Structures are given as C-alpha cells and as structure tokens.
Amino acid sequence: MGKTADAIAEGVSIASAAARLAVRNHILVETIAHDEPFEVDAFAPFARETLIALADEQDAAADLAKRQRKKAWGKFSDPDGTHVIGLTFAFCNMTGALPATLTQLTRLSSLSISDQGQLGGTLPALGGFAQLQTIDIRNTGIGGSLPSLAGLANLQSAVFLGNHFEGAIPPFGVLPALTWFSASANQLSGSLPSLDGLTALTGFFVDANALSGPLPAAPASLGQYGAGLCPNAFDHVDSAAWDFITGVSPWYHDCTATPDEAIFEDGFDAG
C-alpha cells in the first residue's frame, strides 16, 4: 500500500511540474521572444487548457490502468490461473456422489469431507493431486476401494475414518512427509502393506476393519500409543515393538482369532 501511494504522489508531482513548465515556456516565448508585455489575462486561457489537457491525460491513464487490471483479473481467473487449494465440507447434508471434475483441482493441498452420511459413491484417484498435504474423509457414505497414496510426496496426514471403504489398503510406497494415517471403522480386508517407506509416521490406526495376515515391521518413528490395530483378524504373532506402540500386551489382545486358531464350541478346531 505504501509503495502504491508513493508512486501516485510521484506521478502527480511529475505531471504538475510538466504543466508548470509548459505554462512558463509559453509565457517566456510570448513575452521575451515576441517582445510583448506580460498580461495575466492573456495567458490564463492557455494555463486553463494545459490543466484540462493534464486532467484528460490522467483520466486516460486511469482508464488504461483499469482495463489492464481487468485483463489481468481475467488472465488469472481462467483454469490456468486461479487455483483452488483447499476444500472443506462438514455438516452440510451432501447427497449423491463427488463429481468427477474434482480431479481437475490439481493444486489442491487440503481436502476435508466430514459428517456427510448421505454422500456416497467413491473417491477419485488422488495421483493428480501432487501438492496434497492433508486429506480427511470421515463419517460419510463414501465407499469402494481406498485410493492409493503412492507418489504423494507432500502428503502429511491421511484420515479415512468411519466410511464404507472395502478391499485391501493399497501399497504406500515412499511417503516421506506422512505423519498420520487413519482408516479405522471401514470394511477393509486383506493384509497390511509394508510401512517401510513411512519414515515420519507417528500415528497409524486401522482398527475396526476385517484386516488379516501378519503385521509388517513397525516404523521406528512410531511411539507409544501411536497405533490402533484391533479389532481385526491379524495373525497372533508376538511383537514387543507393536506391544509398546499400541500400549496393549499382547498387541492382539482385542483382535479376533485368526481362522487357524478358531475353535468350535465342542472343543474341536475349525480344521
């Protein structure tokens, strides 16, 4: 704001000096060169015309600036200029499904949709959101496969809590910025992918699903109470690391028995 005011003041000063110089030169030419006496009334019309011309010039400059601003606004308001970087929807009674055009918001860094029980359909692929930092989809009717997060190098937090996602959790790959992942209370199944590429992870919650199989190695970045794994149907294999991280010993205390350990009421095993 200060620089703009200074520029305007400087422009007015230059214009005023130019007007004074034009009037003075005219007086000098008429009085000295033509050897005529100085009469104020004789030069008043010229001074008035000079000031009017100066005002017209400033009006023209203002109109030009206005047109240039509009042109610039148009330039930066087209799909290649103005960018939506954050979307938040909460308690607004959304219905139907998310539009496919959501994938056109390639500069999106934050997406949050919560408490939309009537919103169904699926989430689009997230691979085109290279700048995505946080995604929070919770307590909705959205289902289908959990979208892959692989390649989202800027992603810091991914929450998919209390929806209707099903199937396996896609491989994470290398996500150096991811600190939090939650997909609790869905219908996810299959085994957990490797967590080796999640070197900054401090929270990992996948409880209340139908996951099974062995647990992957725990990232060193996970501290105590930094994970929730049960209920699920993981293999019951002792792990001091997961005991510490979950704060439960053994970590599978609240997980259902795996198929190989299931026992019929009569005492015979399921096999």
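The values are calculated or read from the model by the stated rules, or taken from the named source; none is laboratory data. Just so you know, these numbers come straight off a predicted model, no measurement behind them. All Cβ positions, glycine included, derive from the backbone under ideal geometry; neighbour counts span all protein chains shown.
V248: surrounded by 14 or more Cβ atoms within 10 Å (Cβ to Cβ), under 31 Å from the mean Cα position of the chain (by Cα) and of a type in the set (A, V, I, L, M, F, W, C), yes or no? Give the derivation first.
Details: surrounded by 14 or more Cβ atoms within 10 Å (Cβ to Cβ): yes; under 31 Å from the mean Cα position of the chain (by Cα): no; of a type in the set (A, V, I, L, M, F, W, C): yes.
The answer is no for V248.
Scoring L215 on the criteria (1) surrounded by 17 or more Cβ atoms within 10 Å (Cβ to Cβ); (2) out of contact with any helix residue (DSSP H, G or I) (no Cβ under 7 Å at 6 or more places or on another chain) leaves a single failure, condition (2).
Residue-by-condition table, conditions (1) farther than 19 Å from P193 by Cβ; (2) at pLDDT 95 or above:
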| site | (1), (2) |
| --- | --- |
| A100 | yes, no |
| T122 | yes, yes |
| G167 | no, yes |
| F172 | no, yes |
